[in-house]
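Right, I'll just put the structure down here and ask away after.
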Amino acid sequence: MERRNELYRDAIAVIERDYAAEDLSLTVVARRIATSRRQLQRAFAEVGGTSFRRELRRVRMSHAASLLRAGGQSVQSVAGAVGYRQPAQFSKAFRRHHGASPSAFRRQPERLAA
């Protein structure tokens, strides 16, 4: 179990550092921390109670919310900054995660800060 804890911590560190990379995937992270995809999937499930994709989305959405609150960047620019190639895909993911569109979130950050 300690090995899975270590894998999980290492993977989270990679995600936190490289969340904006469009090509960040379970395979890429597994390679970077010298483990198999399956071992990493198990670590996310058992230690984190989540999946790689959910964790990556959570980190990206958290950073996106911070960028939108700070202002000064278009939604398209924020989408690119957190690893989304398509602004529409970003907007859909953001709405699903935060319950509001990126533009609505920016207009009312104090109410929608999730």
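The values are calculated or read from the model by the stated rules, or taken from the named source; none is laboratory data. Just so it is clear, the model here is predicted, and its values are computed rather than measured. Neighbour counts run over all protein chains shown; Cβ positions are idealised from the backbone, glycine included.
Residues checked against (1) part of a loop (DSSP other than H, G, I, E, B); (2) basic (Lys, Arg); (3) surrounded by 13 or more Cβ atoms within 10 Å (Cβ to Cβ); (4) not assigned by TED's automatic domain parsing to the domain that holds ARG107:
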site	(1), (2), (3), (4)
ASP10	no, no, yes, yes
THR27	no, no, yes, yes
ARG31	no, yes, yes, yes
ALA34	yes, no, no, yes
ALA64	no, no, yes, no
GLN89	no, no, no, no
ARG95	no, yes, yes, no
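Give the stretch 77-87 a look and list any residue that's surrounded by fewer than 16 Cβ atoms within 10 Å (Cβ to Cβ) and part of a helix (DSSP H, G or I), or say none.
Result: SER77, single match.
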